[in-house]
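What follows is a set of notes on a single structure, which appears directly below.
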Amino acid sequence: MRHSHGYSFLNQKSLIMDRDAFFNSLWNQYIQVTPQAQSIQTLFHRQGETVVNDHVAFRTFDIPGFDLDKATELLATIGYEAFDQYRFPDKHLRAKAYSVPDDSNAPKIFFSELICSELDHDAQAIIDVVTSTLEGELSLSNLTGHYPFKKPTYDQYQTLANASEYAGWLSTMGYQANHFTVSINHLDSCKSIGDVIALLESNCFALNMVGGVIKGTPDDCLVQASTIADTVRFTFADGIEEMIPSCFYEFAQRFTDPSGELFQGFVPNNANAIFESTDRQ
């Protein structure tokens with residue numbers, strides 16, 4: 001279903017309500033495993049800021065019914081359309097960016113998938129085991145916090161994460177918002193990404209240093225930074241309990257593109273580094 005100007009007012013209103021409920025549910029689940037995000041929001045609120053979400057991100061395997069094609073179909077039901085796509089060869093990923101064409105206030109969505117066939121035989125075999133319990137198809141409610149996989153053993157997890165940190169993360173965290181993103185453009189007291197980083201560092205939040213704390217330059221029309229993921233306790237299939245990476249918080253500042261419009265897309269080099277916010281430390 002495409003969200004277009006052809007819908008009646010009531011249908012558009014229903015979509016907006018569904019979208020709001022979806023993001024509220026996402027946020028409530030996200031802060032359960034990412035307490036730093038709530039703390040950082042509180043920090044901004046104390047500065048008198050209203051925090052606006054630039055985008056939210058999801059991860060999945062390229063398994064039919066749970067892949068990007070299915071994600072595109074699902075997101076269309078709350079008014080989203082894909083407007084760009086990306087490849088990350090060294091991480092064996094592809095991704096799409098989504099927005100709501102007639103609502104510039106709606107957060108963008110960045111949805112990526114792991115190309116399982118590009119991993120080595122051992123990693124593929126573990127993914128086959130982990131995903132053997134998948135049934136039906138991915139749903140919007142699944143995205144708000146759902147663990148549909150067969151738990152890996154600790155050794156399987158380590159083998160998988162050594163092949164792909166992304167796969168290791170997905171095998172333990174399942175479906176949920178991988179990160180939310182503060183729109184620096186909507187902040188008042190923090191005028192730039194430098195101001196945001198200074199505030200975070202002065203309050204002892206650990207930041208992703210891959211490629212430098214600031215990813216990108218104004219020439220890219222997008223600069224970003226992110227925290228290091230929080231951790232949660234996970235019990236593996238063999239009974240071993242370990243702390244594993246959960247989710248993180250991102251910060252994005254957008255600039256005007258050559259046409260004079262505020263850039264809405266994503267920069268692959270930036271995203272490539274930000275994926276590593278959930279790497280095992």
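Throughout, read-outs are computed from the coordinates displayed, never taken from laboratory work. Small disclaimer: the values here were computed from a predicted structure and weren't measured. Cβ sites come from the backbone with ideal geometry, for glycine too, and all protein chains shown count toward neighbours.
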Set the Förster distance to 25 Å, then compute FRET efficiency between Asn269 and Glu137 from the Cβ-Cβ distance, nearest 0.05. 0.15
Would you work out if the chain is rounded, prolate or oblate? Take a ≥ b ≥ c from the square roots of the eigenvalues of the alpha-carbon gyration tensor; rounded if a/c is under 1.5, else prolate when a/b is larger than b/c, oblate otherwise. oblate
Taking 36-49, 170-183, 264-277 and ranking on average Cβ neighbours within 10 Å, highest first, one gets 170-183, 264-277, 36-49
So if we plug the beta-carbon distance of Asp155 and Thr217 into 1/(1 + (r/R0)^6) with R0 = 41 Å, what FRET efficiency do we get, rounded to 0.05? 0.45
At 222 nm, what helix-only mean residue ellipticity would the chain give, in deg cm²/dmol to the nearest 500, using -39500 (n - 2.57) for each DSSP H run of four or more? -10000 deg cm²/dmol
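Measure up Lys91/Lys150; Lys96/Lys191; Lys151/Lys215; Lys91/Lys191; Lys70/Lys150 against 25 Å on the Cα-Cα distance and list the ones that go over. Show your work: numbers first, answer last.
Details: Lys91/Lys150 23 Å; Lys96/Lys191 29 Å; Lys151/Lys215 34 Å; Lys91/Lys191 33 Å; Lys70/Lys150 21 Å.
Over 25 Å Cα-Cα: Lys96/Lys191; Lys151/Lys215; Lys91/Lys191.
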Which residues among the stretch 96-139 fall inside the zone where the amide N is under 18 Å from a point 7 Å beyond the Cα of Asp20, along Cα→Cβ? 100, 102-108
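Using the number of other C-beta atoms within 10 angstrom as an exposure proxy, rank Ile184, Ile197 with the fewest first. Could you put the intermediate results ahead of the total?
On the way: Ile184 22, Ile197 17.
Exposure proxy ranking, most exposed first: Ile197, Ile184.
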Compute the length gained on full extension between Glu201 and Asp257: take 0.36 nm times their separation in residues and subtract their Cα-Cα distance, giving the result in nm to one decimal. 17.2 nm
Where Lys and Arg each count +1 and Asp and Glu each count -1, what net charge lies around Tyr157 among other residues with Cβ under 13 Å from its Cβ? -3
If r is the Cβ-Cβ distance from His186 to Met209 and R0 is 41 Å, what FRET efficiency results, to the nearest 0.05? 0.95
How much net charge surrounds Phe205 when only the other residues with a Cβ under 13 Å from the Cβ of Phe205 are counted, with Lys and Arg +1 and Asp and Glu -1? -3
Antiparallel as a % of all DSSP beta bridges within the chain, to the nearest 5? 70
For the chain, what does the relative contact order come out to in percent, with C-alpha contacts under 8 Å and a separation of six or more? 20
